[in-house]
Amino acid sequence: MNPTDEQLAILAEAANTKTNILISALAGTGKTTTLEMIEKVVSKQPILYLAFNRKIADDASKRMLSTTTVRTFNGMGHRIWARSISKNLALNPKKTQDLLRSLIDEVPRKEQAPMWDSFWEVVSGVGMAKSLGYIPNGKFPQAKRLCIQSTLHAALDETPDDFTSDLIDAVLFRSIKAAYAGNIDYNDQVYMPALFSSIVPQFPLVKVDEAQDLNPVNHALVDKLARGRLISVGDDAQSIYWFRGAMQGGMASLASRFKAEELHLSISFRCPQAIVENARWRVPNFKWIKEGGHVEVLEKLPAGNIPDECTFLCRNNAPLFRLALQLLSAGHSVQVSGSDIGPKLIAILRRLGPGDSSQSTVLHCIDSWAEEKLAKGSTTAEDIAASMKVFAGFGDTLDQAVAYAEHLFAQKGTIKLMTGHKAKGLEFPIVIHLDPWLIREDQQDQNLKYVIQTRSLDQYYEVDSRDIKWS
């Protein structure tokens, strides 16, 4: 492929200067290809390519030079921490849950109920602490503490009471001690080497992908690794992960800390003309290579016309779950992306009452659960409650509601359904944006709308779920 003028400008800056570079790359504009080209024009040297996730890393490892070390942040951090404590690491994705269960088992049974009630709040709190760089007050004074407790609490989905806050600190303290013994989870892979004393390798050039998605702990690890030159790439308009700790203004922070020259990629190789023009409300300088494409707002969508190769994207989970169950009932093959919310949702359902509870009782319990969570300021309780009601509506009892949920999340069919957050970094021939009216006016949701609109390789539709016709 012949480089575009924008790519040539980036290659010239990379080859002829030693300047740190920040590449602002819009959706589908060939950022990985550009990073691949850069390797061929810089002087031969060891390079570290830091990828945001495994998919990006796997793609990059096939394309970069053999002298380039390609790692996810987690993979790089894992190796650093293992070397730093001179131990083989045992990775347990459910480490926080296991530590919390052990803590609950240590107290008398009559005192356990409130701890179980706060279970998922504590798990979420510990996870967010490891994203933001929080360390309990007075603990591990030699570590690099990035935020105070009030900052952590403000970032959580719901404000914890003193009891839950103390549990978060207790579990986090045990988690750090366990990490020094070699027992870690995915969050520890970055949290421990970034904030605690560690043996960090040095590379003359570090490249960072998806810079807009880095959380403060990711940034701290970059600061340790990038002692030479830094070339990073990202898209501020695709910043949609503030809710899980991504740093607001993270790209600007990188540019400032490393005094980076900002260059641009604005020509999409993924999205054809119609898709690009439809997204210019968010990124006016968006351009295309491919002609064609199709964008349409549907007034109705007969269920029989839904093609197997399409992907439904939505802001919220509940409309996707409802549609998926309807599609299954109509004989369609579906696959719902819910590896994270599925277990949590099912666990909450199970704790609503006895398995033989009637549908009306389950719906009442869901309303009570949501009311309690909303009173604490939860921003996700409404969608979780609506999701539980979807399954409760299909089952006559609580056990049946749980069974419907478990059955749906086990499906591996052809029609894909996922939230816009899960679709980031992916692309599909046909995208149907379900219930676009759910998108709010705040910056994160407007970024999410842009992400959803730019997943399509060819056709993009918008439809209200109430306008899907089943007969």
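The values are calculated or read from the model by the stated rules, or taken from the named source; none is laboratory data. Please read all numbers here as calculations on a predicted model, not as lab measurements. A quick note on method: Cβ atoms are made from the backbone with ideal geometry, for glycine too, and the neighbour counts reach across all protein chains shown.
Scan the helices (runs of 4 or more DSSP H) fully inside segment 53-136 and keep the ones with 1 or more residues being outside the structural domain of Val171 (by TED's automatic domain parsing) and of a type outside the set (Phe, Trp, Tyr). Quick ask: steps written out before the conclusion?
Numbers: elements: 54-63, 73-85, 95-105, 113-117, 119-132.
Qualifying helices (runs of 4 or more DSSP H): 54-63, 73-85.
Within the group Ile168, Ile80, Ile104, Ile148, which residue is among the β-branched types (Val, Ile, Thr), in contact with a Pro (Cβ under 8 Å, 6 or more places away or on another chain) and under 26 Å from Leu374 (Cα atoms)?
None of the others qualify; the one that does is Ile168.
Just the residues that are buried (at least 19 other Cβ atoms within 10 Å of the Cβ) and either over 18 Å from Gly425 (Cβ atoms) or assigned by TED's automatic domain parsing to the domain that holds Leu448 (or both), please, taken from segment 248-259.
Leu254, Ala255, Phe258 - these are the residues of segment 248-259 that are buried (at least 19 other Cβ atoms within 10 Å of the Cβ) and either over 18 Å from Gly425 (Cβ atoms) or assigned by TED's automatic domain parsing to the domain that holds Leu448 (or both).
Exactly one of these conditions fails for Asn53: (1) within 24 Å of the chain's Cα centre (by Cα); (2) buried (at least 17 other Cβ atoms within 10 Å of the Cβ). Give me its number.
Asn53 satisfies every listed condition except (2).
Counting just the residues of segment 96-116 that are without any contact (Cβ under 8 Å) to a residue 12 or more places away in the chain and under 28 Å from the mean Cα position of the chain (by Cα), which one comes out farthest from Tyr49 (Cα to Cα)?
Top of the filtered list is Arg101.
If I filter segment 262-312 down to residues being of a type in the set (Gly, Ala, Ser) and under 25 Å from the mean Cα position of the chain (by Cα), which single residue comes out as farthest from Thr17 (Cα to Cα)?
The residue in question is Ala279.
Among the numbered criteria (1) part of a strand (DSSP E or B); (2) at positive phi, which one does Lys259 miss?
(1)
Can you tell me how many residues in segment 149-184 are in contact (Cβ under 8 Å) with a residue 60 or more places away in the chain and either over 21 Å from Arg101 (Cβ atoms) or in a helix (DSSP H, G or I) (or both)?
Summing the residues that are in contact (Cβ under 8 Å) with a residue 60 or more places away in the chain and either over 21 Å from Arg101 (Cβ atoms) or in a helix (DSSP H, G or I) (or both) in segment 149-184 gives 12.
Scan segment 131-148 for residues that are within 23 Å of the chain's Cα centre (by Cα) and among the polar types (S, T, N, Q) and report the count.
Of the residues in segment 131-148, 1 are within 23 Å of the chain's Cα centre (by Cα) and among the polar types (S, T, N, Q).
Pairs please, first residue from segment 72-95 and over 22 Å from Leu214 (Cβ atoms), second anywhere and polar (S, T, N, Q) and surrounded by 20 or more Cβ atoms within 10 Å (Cβ to Cβ), Cβ atoms under 7 Å, 6+ apart in sequence or on different chains.
From residues that are over 22 Å from Leu214 (Cβ atoms), the pairs are Lys95/Ser175.
How about segment 165-194: which of its residues are closer than 18 Å to Lys139 by Cβ and among the polar types (S, T, N, Q)?
Ser165, Ser175, Asn183, Asn187, listed by residue number.
What number of residues within segment 381-399 are surrounded by fewer than 17 Cβ atoms within 10 Å (Cβ to Cβ) and in a helix (DSSP H, G or I)?
Counting residues in segment 381-399 that are surrounded by fewer than 17 Cβ atoms within 10 Å (Cβ to Cβ) and in a helix (DSSP H, G or I) gives 3.
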